[in-house]
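The values are calculated or read from the model by the stated rules, or taken from the named source; none is laboratory data. Quick caveat: nothing in here was measured; it's all calculated off a predicted structure. With ideal geometry, Cβ positions are generated from the backbone for all residues, glycine too; neighbour counts draw on all protein chains shown.
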Amino acid sequence: MAPLTTLANATVRYDSHEALAGVSLEIARAAITVVVGHNGSGKSTLLGILAGTTPLTSGSLEWHDFDASPGRIAYVPQHARLPEAFPMTVGAAVAMGRWAERARTGIRLRPRTRAHGRRSSDAEHVHEAIEQLGLGPLRGRLLGELSGGQRQRTLIAQGIAQDTELLLLDEPTAGVDAESSERIASCLAALAARGTTIVVASHDAEEISAADAIITLRDGRRTDEELTPSVGQRRTSSLG
Ligand SMILES: Nc1ncnc2c1ncn2[C@@H]1O[C@H](COP(=O)(O)OP(=O)(O)OP(=O)(O)O)[C@@H](O)[C@H]1O
């Protein structure tokens, strides 16, 4: 299967600092690619390039049979914030994930379609994302009343609810306990099995063991060291 995207010789410079230096890679479709590396190695910069928020200083990014226009890529940045000062519930925050799609299609979010008594597909995506992240019991809880891990799961659910072909997650399990981390990993595996292309920046062993492909960065360059013996078993691509 053709990759979703090809990055060739990508360099990103912030003033005089080179955050990424000539990185080339392909992202496999319907697979989990985990980007690993020490602090400052360029993981977030790489995700920013894919999200379209970080411009390349040089090099190229090519999409294959994929429309990368705004709203087509779900991106959950590191330290993303939720509007905790507003009296907003978990359910409403996850539903915000549907905004881009609604803006594009003009569909209104309704809890149920009146004609058939079935959930609209919009509400269905929200419901599914909430269930997948185990947030059902917290659906009506205010954001300001969540623990850090619950808040993080809400953000991931918001990203998943977007139902995009490409999902980018920056350190999704940072500050999350082992059980939640496992839940997130299995949720991502299920999404990839259904055809979603997922790129995760992470240090977390759960995510790394769930990876189909691993990209290792050091000081803005690809090194692709083998991290754990189990990783190779699920690896579908290691492209250089
Ligand atoms: N906006 C910016 N301006 C200047 N330098 C930046 C900027 N963003 C990132 N950098 C630098 O670029 C390098 C790569 O940063 P990046 O955030 O991509 O790394 P990272 O691997 O995601 O790190 P972490 O694990 O700490 O999140 C770092 O040295 C960082 O200080």
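Looking only at region 214-240, filter to residues that are modelled with pLDDT under 65 and charged (D, E, K, R); which one of those is farthest from the ligand (Cβ to nearest atom)?
Of the residues in region 214-240, the ones modelled with pLDDT under 65 are 225-240.
Right, trim to charged (D, E, K, R) and you get 225-226, 234-235.
Details: Glu225: 15, Glu226: 19, Arg234: 23, Arg235: 21 Å.
Among residues in region 214-240 that are modelled with pLDDT under 65 and charged (D, E, K, R), the one farthest from the ligand (Cβ to nearest atom) is Arg234.
Of the residues making up region 13-21, one or more are part of a strand (DSSP E or B), small (Gly, Ala, Ser) and near the ligand (Cβ under 10 Å from one of its atoms).
Does region 46-68 contain at least one residue that is of a type in the set (D, E, K, R) and modelled with pLDDT under 90? No, that holds for no residue.
The residues of region 168-213 that are of a type in the set (Val, Ile, Thr), surrounded by fewer than 24 Cβ atoms within 10 Å (Cβ to Cβ) and either farther than 19 Å from Leu47 by Cα or within 16 Å of the ligand (Cβ to nearest atom) (or both), listed by number, are Val176, Ile208. For region 125-164, the set of residues classified as among the acidic types (Asp, Glu) and either touching a helix residue (DSSP H, G or I) at 6+ places or on another chain (Cβ under 6 Å) or modelled with pLDDT under 90 (or both) consists of Asp163 only.
In this structure, Pro70 does satisfy being out of contact with any strand residue (DSSP E or B) (no Cβ under 9 Å at 6 or more places or on another chain) and part of a loop (DSSP other than H, G, I, E, B).
Starting from residues that are over 22 Å from Asp224 (Cα atoms) and touching a helix residue (DSSP H, G or I) at 6+ places or on another chain (Cβ under 8 Å), keep the ones in region 56-71 and report whichever is surrounded by the fewest Cβ atoms within 10 Å (Cβ to Cβ). Here the residue is Pro70.
Has region 32-55 got at least one residue that is in a strand (DSSP E or B), surrounded by fewer than 17 Cβ atoms within 10 Å (Cβ to Cβ) and more than 16 Å from the ligand (Cβ to nearest atom)? No, because not a single residue in region 32-55 is in a strand (DSSP E or B), surrounded by fewer than 17 Cβ atoms within 10 Å (Cβ to Cβ) and more than 16 Å from the ligand (Cβ to nearest atom).
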